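First the structure, in the form of structure tokens, and then the observations on it.
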Amino acid sequence: MKVSIIVPTYNERDNLEELFGRIDKAMEGYDYEVIVVDDDSPDRTWELAQRLSERYPVKVIRRTDEKGLSSAVIRGFKEASGDVFVVMDADLQHPPEKIPELVKALEEGADIAIASRYVPGGKVENWYWYRKLISKAAIMIGRLALPKIRGVKDPMSGFFALKKEVVEGIELNPIGFKILMEILIKGRYGKVVEVPFTFGLRKAGESKLSGKTMIKYLKHVYRLMRWEGELDRLIKFTLVGLSGVLVNEGFLWAFVNFLGWGKILANIPATELSILNNFTWNDLWTFKDLKRKPLWRRLLDYHIAALTGAFVQWVLYAGLVYLGLNYLGANLFGIVVSFFVRFLFNRHVTWG
Ligand code: GDD
Ligand code: MN
């Protein structure tokens, strides 16, 4: 078995020598190659890599036509000749000594092995609390928006290994930094394992992660939601919700005008009928492929979602009004948040 280690680089000159040395030592007994994909770095990383390839099994790709971390990794996959691919950063934040552990996980049956910061034993060294918060929030957004990766603790790690079949013949089209997320959504795989590691400090040079990278991440999540059909669900859920408004108003009107019921009490059956209307359409349409629980259970969960949404809406409304916000604005905000709460609850629980 041969291992191809793919290392995207941009201005990483001062890290190369130590990186290659430590990889070589860690990979003792393995047949391996390193594929450096450099985007024509101004500091001439490619040149040094080329020189070091006399000492280590390193293949250097100098790209001049394209830029970007994720596309560099994909290029690396194309150039690799191994049966197993490892992806890692050049700046030694990813300890090469972990590579054998990742490869072993594949040998033991995993298709993807992720070096993870967020499983027990894993950690991040010296990050400010806000960088940690941003990282965790970004992961939470990804896991909520893309139920397929819900079980993965660190889908944004840049350090992972996979069997080449996982990406072979698959069209990958990521933007930004999160190539692993793209693979987790589009790749062909069964078992994923996470191996804890410590995301260390950068040895030399600077991080290329910027505010723009985060915007790109959100775009990427949106694109993957579309690809997964999750966006279609969101749209269907919205349309069903609107139909529920008509049902609610219609029955309220009918109860008051034809049956002579009191206006306060008639609201309750009208609301329940709209909930049943929405449930039916969501069950037959929005989530029709996801009926894993018995009907009574889905119906119960759906009501819990409705109640939770209403509660969230009320709490936000009361809180914002208390803080002095305009009550109509506060209500609108509550409605919007409640909508997402209900969608996510139903997507992950009722039809999860
Ligand atoms: N070829 C190429 N082109 N390589 C790039 C580019 C690019 O445009 N941008 C960055 N790289 C290389 C860097 O040289 C480095 O080897 C690696 O990609 C990671 O870049 P950093 O700038 O060090 O990223 P980071 O440390 O902020 O982010 C890392 O950790 C994140 C987790 O917090 C990456 O591994 C991310 O993928 C990961 O999500
Ligand atoms: Mn880094």
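Looking at this structure, is G205 within 16 Å of ligand 2 (Cβ to nearest atom), in contact (Cβ under 8 Å) with a residue 24 or more places away in the chain, of a type outside the set (S, T, Y) and surrounded by 15 or more Cβ atoms within 10 Å (Cβ to Cβ)? Considered against the rule, which asks whether it is within 16 Å of ligand 2 (Cβ to nearest atom), in contact (Cβ under 8 Å) with a residue 24 or more places away in the chain, of a type outside the set (S, T, Y) and surrounded by 15 or more Cβ atoms within 10 Å (Cβ to Cβ), G205 comes out as yes. Scoring G244 on the criteria (1) surrounded by fewer than 13 Cβ atoms within 10 Å (Cβ to Cβ); (2) part of a helix (DSSP H, G or I); (3) in contact (Cβ under 8 Å) with a residue 24 or more places away in the chain leaves a single failure, condition (1).
The rows are residues; the columns are (1) surrounded by fewer than 15 Cβ atoms within 10 Å (Cβ to Cβ); (2) closer than 21 Å to F340 by Cα; (3) in contact with a Gly (Cβ under 7 Å, 6 or more places away or on another chain).
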{"position": "V240", "(1), (2), (3)": "no, yes, no"}
{"position": "V256", "(1), (2), (3)": "no, no, no"}
{"position": "L259", "(1), (2), (3)": "yes, no, no"}
{"position": "N267", "(1), (2), (3)": "no, no, no"}
{"position": "T271", "(1), (2), (3)": "no, yes, no"}
{"position": "S274", "(1), (2), (3)": "no, yes, yes"}
{"position": "T286", "(1), (2), (3)": "no, yes, no"}
{"position": "D289", "(1), (2), (3)": "yes, yes, no"}
{"position": "R292", "(1), (2), (3)": "yes, no, no"}
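Restricting the search to region 118-163, which residues are surrounded by fewer than 17 Cβ atoms within 10 Å (Cβ to Cβ), closer than 18 Å to L218 by Cβ and of a type in the set (S, T, Y)? Within region 118-163, just Y130 meets the criteria. Out of all the residues in region 219-231, is one or more of a type outside the set (D, E), in contact with a helix residue (DSSP H, G or I) (Cβ under 9 Å, 6 or more places away or on another chain) and within 24 Å of L328 (Cβ to Cβ)? Scanning region 219-231 turns up no residue that is of a type outside the set (D, E), in contact with a helix residue (DSSP H, G or I) (Cβ under 9 Å, 6 or more places away or on another chain) and within 24 Å of L328 (Cβ to Cβ). Residues in region 44-80 that are in a loop (DSSP other than H, G, I, E, B) and either in contact with a Phe, Trp or Tyr (Cβ under 9 Å, 6 or more places away or on another chain) or not acidic (D, E) (or both): R44, S53, R55, Y56, P57, R63, T64, K67, G68, A80. Residues in region 81-105 that are more than 10 Å from ligand 2 (Cβ to nearest atom), assigned to a loop (DSSP other than H, G, I, E, B) and among the acidic types (D, E): D83 only. The residue list K191, K163, K153, K178 contains one member that is among the basic types (K, R), under 16 Å from the mean Cα position of the chain (by Cα), on the phi < 0 side of the Ramachandran plot and away from ligand 2 (no atom under 15 Å from the Cβ), which is K153.
Only the coordinates and a few stated rules stand behind these numbers; no lab work does. Here the structure is a predicted model, which means the values were calculated and not measured. Because the Cβ atoms are built from the backbone with ideal geometry, glycine has one as well, and the counts that use them run over all protein chains shown.
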